[in-house]
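Novice: Have a look at this one before I ask anything.
Taken together, the values in this text are just the output of simple stated rules run on the coordinates, not laboratory data. No experiment lies behind these values; they were computed from the predicted model shown. Cβ placement follows ideal geometry from the backbone for every residue including glycine, while neighbour counts extend to all protein chains displayed.
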């Protein structure tokens with residue numbers, strides 16, 4: 001058995017890169033206007049300088065991990081091993097993607113979807129291979145980042161296309177390296193299942209972090225109704241919309257595997273995809289519950305603001321009502337009485353101005369103490 005290279009030599013950082021699409025729901029596709037179908041044009045940002053090609057080939061008795069500069073070097077190993085998993089990081093190199101199509105027999109229409117990042121999650125059956133698109137998500141700094149993952153499943157190979165190095169597939173790699181593991185005994189269809197399952201399970205991890213954020217915002221909302229809290233609630237609702245957009249179409253896509261007769265997916269593996277389908281339904285239901293909670297928090301904030309505004313208006317109305325008759329009397333007589341000692345004071349005018357400024361400052365401090373502004 002050939003020993004694997006050190007992970008640092010493979011150029012795969014342990015932490016996922018955060019330089020990914022966040023918050024943007026649609027990607028610009030102006031480059032494709034007027035182009036014929038199957039044109040290989042990369043739509044998205046260039047995430048890394050140089051594309052990386054790594055490969056894991058295995059069967060029940062042995063495995064090998066290597067890196068390549070040319071995809072054609074993988075072809076001898078495809079004949080030697082039962083399953084070959086090729087991972088391509090970096091989609092800006094269209095010549096590399098075109099070479100992948102030649103080596104693995106992938107049609108240009110599929111490669112076009114691979115290069116168009118931001119695809120809607122889907123599954124397409126081409127008889128010779130199965131094409132799957134899903135979104136890998138990360139949650140950090142109260143924001144969800146997305147990365148498109150394309151998976152090509154053939155009879156004895158799996159090709160994954162990622163935008164940047166780093167993913168959540170390290171547990172899968174460890175299972176491949178473990179002798180006697182189930183993934184070593186199964187074929188490419190089971191390997192594809194483990195990859196999709198890893199992505200979906202990570203959705204549940206993200207939901208746990210989102211739930212903690214919701215609990216924190218609820219506590220802050222009950223403590224004070226600050227503008228910052230409302231903005232955080234609004235941002236969280238937008239992130240939940242992104243999460244829903246990334247997960248909802250995946251239910252129908254995975255459901256196709258369980259319903260349709262797909263040649264590259266064996267009957268023994270279909271029950272595992274039904275398990276993924278159940279997890280996706282759980283994720284979708286949880287996202288909908290979270291959206292309802294966040295919407296309720298927004299409504300609670302707006303209702304509290306209206307209630308506070310009503311309290312302020314009642315107080316100001318009370319003050320205005322008290323001073324209204326006093327102002328009427330003072331205005332009617334003009335305060336021009338003959339015996340007014342203040343008129344003879346040398347500093348009377350400045351004293352009145354001082355009292356006016358004190359009243360103004362006192363009212364400002366009072367309003368601020370009540371958090372009216």
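Novice: Rounded to the nearest 10 degrees, what's the angle between the helix 348-369 long axis and the longest principal axis of the chain, both from Cα atoms, 0 to 90?
Specialist: Value to nearest ten degrees: 30.
Novice: Please determine, in degrees from 0 to 90 and to the nearest 10, the orientation of helix 227-259 with respect to the longest principal axis defined by the Cα atoms of the chain, where the helix direction is its Cα long axis.
Specialist: 30
Novice: Computed FRET efficiency, Cβ-Cβ of residue 205 and residue 330, R0 56 Å: what is it to the nearest 0.05?
Specialist: 0.20
Novice: Determine the distance separating the Cα centre of segment 58-126 from the Cα centre of segment 164-211; give it in Å without decimals.
Specialist: If you average the Cα positions of each part, the centres end up 18 Å apart.
Novice: For a quick check, take a GNM of the chain with Cα springs below 10 Å and name the residue from 253, 330, 219 with the largest mean-square fluctuation.
Specialist: 330
Novice: Would you look at the GNM of the chain, springs on alpha carbons closer than 10 Å, and say which of 309, 356, 168 moves the most?
Specialist: 356
Novice: Something else: What is the diffusion coefficient of segment 66-134 in µm²/s, taking the Kirkwood radius over Cα pairs and the Stokes-Einstein relation at 20 °C with a viscosity of 1.002 mPa s?
Specialist: In µm²/s, the coefficient rounds to 162.
Novice: Let me ask something else. With bins 20 Å wide starting at 0, give me the P(r) of the chain over every alpha carbon pair, in whole percents.
Specialist: 23, 40, 16, 12, 7, 1
Novice: While we're on this one: Rounded to the nearest 5, what % of the DSSP beta bridges within the chain are antiparallel ones?
Specialist: 85
Novice: Continuing with this model, one more query. With a/c under 1.5 counting as rounded, go ahead and sort segment 320-369 into rounded, prolate or oblate using the C-alpha gyration tensor (a ≥ b ≥ c being the square roots of the eigenvalues; past the cut-off, prolate if a/b is larger than b/c, else oblate).
Specialist: oblate
Novice: When the helices in the chain are scored as -39500 (n - 2.57) per DSSP H run of 4 or longer and the sum is shared across all residues, what 222 nm value do you end up with, to the nearest 500 deg cm²/dmol?
Specialist: One gets -18000 deg cm²/dmol as the mean residue ellipticity at 222 nm.
Novice: Okay, next question. What's the angle, to the nearest 10 degrees (0 to 90), between helix 188-223's Cα axis and the longest principal axis of the chain?
Specialist: Roughly 10 degrees between the two axes.
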